[in-house]
Amino acid sequence: MMPNSLFAGSWFVLERWISESPFKHAKPPGQSDLDVAHGPHAKTTLEHHWDTWIQESDWDWLVEQGINCVKIPVSQQLLQYLQVCSDALAN
């Protein structure tokens, strides 16, 4: 089967030009996901975004369109955090 894919931007790596709403409560200058993470309502804002950005109906629609591969970008900070957690668990 040939891959028929799309790039699911702004789900875990926020991109303001794709989704403005997570940046409403971002710490100035409000241009990166780190600014959102340092904002006054970071936990609520991020969890809401992660939980609602892609719904079950979106996955169903993608399948109907023949999409069989979704590329989900993650940030370098997340990869570094996961490595720290992995190292801590190994020790």
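In the chain, the C-alpha radius of gyration followed by the widest Cα-Cα span (Dmax) gives 15.7, 46 angstrom. Over the chain, DSSP H runs of length four or greater, each weighted -39,500 (n - 2.57), average out per residue to a 222 nm ellipticity of -13000 deg cm²/dmol.
Measuring r between the beta carbons of ALA37 and SER86 and using R0 = 25 Å, the FRET efficiency lands at 0.75.
Among the helices of the chain, none built from whole DSSP H runs has Cα atoms reaching 24 Å or more along its own axis together with a mean Kyte-Doolittle hydropathy of at least -0.5. Mean sequence separation of contacting Cα pairs (under 8 Å, at least six apart), scaled by the length of the stretch 4-81, corresponds to a relative contact order of 42 percent.
Computed from the coordinates by the stated procedures, all read-outs in this text should not be read as laboratory data. What you see is a predicted model; the values in this text were computed from it and never measured. Here the Cβ is made from the backbone with ideal geometry for all residues, glycine too, and neighbour counts use every protein chain on show.
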